[in-house]
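Written out below as structure tokens is the structure these notes cover.
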Amino acid sequence: VEGKRDSNALRKLGFSGKTLEFHSFGGLVKFSDSVAKYKNVILLLDGDRKGRYLTKRIIGLLEHRAKIDLSFKKKLNSITKGKIRFIEQLVCYEHYAV
């Protein structure tokens, strides 16, 4: 995810896995190098212009180094009918979380 608010939104929905916040790494290369140690990476960046740019760049930097999963981003877009562009907006679904 991009930042702390995104991580917090996922936690409020019940996600208990490890999240890495892009902005805490200080750049694309440092982030990509740190993430490359994982076999599978789920990218869940915002759907705005900056998030799409970062997603493309990270995919390019991690190509052949880690398996990148974008299915959650696609499912999120489908479920919310494109209304949620920023991961931090997911807190509005908190009352639905089980």
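The values are calculated or read from the model by the stated rules, or taken from the named source; none is laboratory data. This structure is a prediction, so every number in the text was calculated from the model and none was measured. A quick note on method: Cβ atoms are made from the backbone with ideal geometry, for glycine too, and the neighbour counts reach across all protein chains shown. All accessible areas refer to the heavy atoms of the entire protein, side chains included, with ligands and DNA or RNA removed. Shrake-Rupley method; radii C 1.70, N 1.55, O 1.52, S 1.80 Å.
Values as computed for the structure displayed
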| quantity | calculated |
| --- | --- |
| Lone unmet requirement of (1) open to solvent by 60 Å² or more (accessible area, probe 1.4 Å); (2) within 16 Å of GLU2 (Cα to Cα); (3) of a type in the set (Val, Ile, Thr) for THR55 | (1) |
| Options ILE84, ILE58; residue that is in contact with a helix residue (DSSP H, G or I) (Cβ under 7 Å, 6 or more places away or on another chain) and within 14 Å of PHE22 (Cβ to Cβ) | ILE58 |
| The listed residue being surrounded by 12 or more Cβ atoms within 10 Å (Cβ to Cβ), under 24 Å from ALA97 (Cβ atoms) and in contact with a Leu (Cβ under 6 Å, 6 or more places away or on another chain), out of GLU2, GLU21 | GLU2 |
| Selected residue (only one of ASN8, ASN40 is surrounded by 12 or more Cβ atoms within 10 Å (Cβ to Cβ), under 19 Å from LEU76 (Cβ atoms) and either at pLDDT below 95 or under 14 Å from the mean Cα position of the chain (by Cα) (or both)) | ASN8 |
| Filtered residues of the stretch 24-33 (kept if at positive phi and open to solvent by 50 Å² or more (accessible area, probe 1.4 Å)) | GLY26 |
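The rows are residues; the columns are (1) within 11 Å of the chain's Cα centre (by Cα); (2) among the β-branched types (Val, Ile, Thr); (3) exposed (fewer than 14 other Cβ atoms within 10 Å of the Cβ).
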position	(1), (2), (3)
VAL35	no, yes, no
GLU63	no, no, yes
PHE72	yes, no, yes
PHE86	yes, no, no
